[in-house]
Amino acid sequence: MPAPTAASPVEAGLERQIARDPGAFRILTGDRPTGPLHIGHYFGTLANRVRLQRAGVELIVLIADYQALTDRAATTRLPEEVLGLVADYLAAGVDPERATIFAHSQVAALNQLLLPFLSLVSVAEIGRNPTVKDEMAAAGSSAMSGLMFAYPVHQAADILACRANLVPVGKDQLPHLELTRVIARRFNERYSPGSPFFTEPQPLLSSAPMLAGLDGRKMGKSLGNSVPLRASADETARLVAKATTDPDRRITYDPRRRPEVSTLVLIAALCRGEAPEAIADAIGGGGAAALKAVVTEALNDRFAPIRARRREVAADPGYLRAVLEAGNEQARMTADSTLNAVLRLMHTRY
Ligand code: TRP
């Protein structure tokens, strides 16, 4: 896949550096195991991860299972969700020979880093993080778990334990990354002045357009308004058939005035690698039914190989577990070495 148009001059510069020297970069990116990955994840981040891996960047993919516990108590479905994510990654093209897939609950040293990191930030600073603030507003500070409060600091531990220097993110994750950079900087100032231990990781902002859900709301893993990667061709047709449209039979791409129809046009355009305007023009006055037929076919064509690969790997849970265990082991080695250095620099080795 060609490099996407850069989100900004900073991203364009980073893309040039990556093309020149991919081996200088280590990427960490992750997902919460709260449901199957869908086409929004694919076009928003998964495809980009695979592109960077193929360009020769070291890719580490984190399954943030402790983050799934920030706002829910039930853990019985976690094994299924976690292995489901591994299958989604492999199907999308993450190559376990080159990349690392791990679950952060399985890497003790990563989680231990949370404690010294918590000592580097104030309660007020964490409270200003937009995700924490939103949760606080939604749940109230009396209902919010302490783990939810610590969420951005835990994410810093994910990134810094792996010594990642590049984090592909959507805009919503930028404040977490900024806090990670603050923690890295403060650790360096306090415990390794003169020769900084942590590199401040850089965000790689995605240029992919945000896909809205098929009902016009935000696309969500558990809202039933997306198309999961693993959906069958028939399920895809049913999901697209339910999508919200409008009565104007002439199909146009006009995200501001016709958000629902434009979401469908955009999905077909992303699947086919064509401009949304060209897709809309080709449908012309065919109305919502023609649009939905085009979208269904585009999705089913585009994702057929990914779905076939997913069926293959999902049929072998032993293989999925082996991939994850090898990734966990790799992550343990990296995080152990980071924690050892941190303990040494903090004078806490006795
Ligand atoms: N917070 C991210 C999300 O909700 C998942 C995540 C956890 C992550 N740790 C990370 C992403 C580290 C990038 C780097 O999607």
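The values are calculated or read from the model by the stated rules, or taken from the named source; none is laboratory data. All of these numbers come straight from a predicted model, not from anything done at the bench. Neighbour counts are summed over all protein chains in view; Cβ atoms, including those assigned to glycine, are modelled from backbone coordinates with ideal geometry. When the accessible area is computed, the model is the full protein with side chains, heavy atoms only, and any ligands, DNA or RNA have been set aside. Shrake-Rupley method; radii C 1.70, N 1.55, O 1.52, S 1.80 Å.
Determine, yes or no, whether Gly287 is open to solvent by less than 70 Å² (accessible area, probe 1.4 Å) and within 24 Å of the chain's Cα centre (by Cα). It is false that Gly287 is open to solvent by less than 70 Å² (accessible area, probe 1.4 Å) and within 24 Å of the chain's Cα centre (by Cα).
Name the one entry in Asp31, Asp88, Asp65 that is more than 26 Å from Leu214 (Cβ to Cβ), within 15 Å of the ligand (Cβ to nearest atom) and buried (at least 19 other Cβ atoms within 10 Å of the Cβ). Just one listed residue meets the conditions, Asp65. Going through (1) out of contact with any helix residue (DSSP H, G or I) (no Cβ under 7 Å at 6 or more places or on another chain); (2) assigned by TED's automatic domain parsing to the domain that holds Thr45; (3) open to solvent by less than 20 Å² (accessible area, probe 1.4 Å) one by one, Leu320 falls short only on (1). Gly194 meets the conditions (1) away from the ligand (no atom under 16 Å from the Cβ); (2) crowded, with 19+ Cβ neighbours inside 10 Å; (3) assigned by TED's automatic domain parsing to the domain that holds Asp21 in every case but one. The failed one is (2). Take the conditions (1) part of a helix (DSSP H, G or I); (2) within 14 Å of the ligand (Cβ to nearest atom); Ala237 misses just one of them, which is (2). For the condition assigned by TED's automatic domain parsing to the domain that holds Ile18, surrounded by 19 or more Cβ atoms within 10 Å (Cβ to Cβ), more than 12 Å from the ligand (Cβ to nearest atom) and in contact (Cβ under 8 Å) with a residue 60 or more places away in the chain, Phe187 qualifies. Of the residues making up the stretch 91-109, those that are within 16 Å of the ligand (Cβ to nearest atom), surrounded by fewer than 23 Cβ atoms within 10 Å (Cβ to Cβ) and over 15 Å from the mean Cα position of the chain (by Cα) are Ser105, Gln106, Ala109. When the test is whether a residue is acidic (Asp, Glu), touching a residue at least 24 places away in the same chain (Cβ under 8 Å), under 15 Å from Tyr66 (Cβ atoms) and assigned by TED's automatic domain parsing to the domain that holds Ala326, Asp158 passes it. Filtering the stretch 173-183 to residues that are away from the ligand (no atom under 12 Å from the Cβ) and open to solvent by 20 Å² or more (accessible area, probe 1.4 Å) leaves Glu178, Arg181, Val182.
When the stretch 158-172 is filtered for residues that are in a helix (DSSP H, G or I) and either under 23 Å from His41 (Cβ atoms) or near the ligand (Cβ under 8 Å from one of its atoms) (or both), the ones remaining, listed by number, are Asp158, Ile159, Lys171, Asp172.
Assess whether Ala269 counts as being open to solvent by less than 40 Å² (accessible area, probe 1.4 Å), closer than 30 Å to Ala87 by Cα and touching a Cys at 6+ places or on another chain (Cβ under 8 Å). Answer is no for this residue.
Within this structure, Glu81 fails the test of being assigned by TED's automatic domain parsing to the domain that holds Met136, farther than 26 Å from Ala231 by Cβ and surrounded by 18 or more Cβ atoms within 10 Å (Cβ to Cβ).
When the stretch 119-157 is filtered for residues that are assigned to a helix (DSSP H, G or I) and more than 16 Å from the ligand (Cβ to nearest atom), the ones remaining, listed by number, are Val123, Ala124, Glu125, Gly127, Met136, Ala137, Ala139, Gly146. All of Ala156, Ala55 fail the test of being of a type in the set (A, V, I, L, M), modelled with pLDDT of 95 or more and open to solvent by 10 Å² or more (accessible area, probe 1.4 Å), apart from Ala55.
Per-residue answers, yes or no, for (1) in a helix (DSSP H, G or I); (2) under 22 Å from the mean Cα position of the chain (by Cα):
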| site | (1), (2) |
| --- | --- |
| Glu274 | no, no |
| Val294 | yes, no |
| Asn300 | yes, no |
| Ile306 | yes, yes |
| Leu320 | yes, yes |
| Glu329 | yes, yes |
| Ala335 | yes, yes |
| Asn340 | yes, no |
| Arg344 | yes, no |
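Scanning the stretch 206-230 for residues that are touching a Pro at 6+ places or on another chain (Cβ under 8 Å) and part of a strand (DSSP E or B) returns Ala212, Pro228. Screening the stretch 199-255 for residues that are free of Cβ contacts under 8 Å to residues at least 40 places away in the same chain and of a type in the set (S, T, N, Q) and picking the one that is most open to solvent (accessible area, probe 1.4 Å) gives Thr199. Do we find that Arg332 is in contact (Cβ under 8 Å) with a residue 24 or more places away in the chain, within 24 Å of Thr29 (Cβ to Cβ) and outside the structural domain of Ser192 (by TED's automatic domain parsing) in this structure? Criteria not met by Arg332.
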